[in-house]
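Structure record follows, encoded as structure tokens.
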Amino acid sequence: MKNDQNLYSINNEVDIIDFLVDNNAMIKDFTRSHLSWFFVDENFHIILYLAEGEKPKFERYIVERFAENMNDMINLWNHFDKRIHDCQETRTLKLAKNKVHDLIAMSETFKALFNRADFEEE
């Protein structure tokens, strides 16, 4: 997958594990695939642990300021869709694709939320 302006792919397992530990989301069962996702500020992080295949692996994707960068979200959705069609880890990739789709569908809500300069905690 090519890295777009605001879409990054990270495969360094140490960095991914550190991120999961820092966010209290480290997986405990390495016999099956997992999906985790997070918002860090205005950035969307999605982490896959793919247990099937020759060698289990972690993948992490980040879309910076995702509410403003729907083209990058669509590219990520397309990336997961292509891999599903190639029959790679279909269950976990479908979950990832659906999560990205949900965020795309809610993009106007997130734009309004992140762009509210007058937001005050009540």
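The values are calculated or read from the model by the stated rules, or taken from the named source; none is laboratory data. The shown structure was predicted, so the numbers you read here are calculated from the model rather than taken from an experiment. A quick note on method: Cβ atoms are made from the backbone with ideal geometry, for glycine too, and the neighbour counts reach across all protein chains shown.
Here are some residues: Lys55, Lys111. Which one is assigned to a loop (DSSP other than H, G, I, E, B) and over 12 Å from the mean Cα position of the chain (by Cα)?
Lys55
Scanning region 58-95 for residues that are assigned to a helix (DSSP H, G or I), of a type in the set (Val, Ile, Thr) and touching a residue at least 40 places away in the same chain (Cβ under 8 Å) yields one hit, Thr92.
Can you pull out the residues in region 24-36 that are outside any strand (DSSP E or B) and free of Cβ contacts under 8 Å to residues at least 40 places away in the same chain?
Kept after step one, since they are outside any strand (DSSP E or B), are these residues of region 24-36: 24-33.
Correct list: Asn24, Ala25, Met26, Ile27, Lys28, Asp29, Phe30, Thr31, Arg32.
Between Phe39, Phe119, the distinction of being assigned to a loop (DSSP other than H, G, I, E, B) and at pLDDT below 95 belongs to Phe119 only. Among the residues making up region 66-88, a single one is within 16 Å of Tyr8 (Cβ to Cβ), of a type in the set (D, E, K, R) and out of contact with any helix residue (DSSP H, G or I) (no Cβ under 8 Å at 6 or more places or on another chain): Asp72. Scanning region 96-117 for residues that are within 30 Å of Ser33 (Cα to Cα), of a type in the set (Lys, Arg) and in contact (Cβ under 8 Å) with a residue 24 or more places away in the chain turns up just one, Lys99. Taking the numbered list (1) in contact (Cβ under 8 Å) with a residue 12 or more places away in the chain; (2) under 13 Å from the mean Cα position of the chain (by Cα); (3) assigned to a helix (DSSP H, G or I) in turn, Ser9 passes all entries but (3).
Checked against (1) part of a helix (DSSP H, G or I); (2) more than 16 Å from the chain's Cα centre (by Cα); (3) modelled with pLDDT under 95, Val21 passes all but condition (3).
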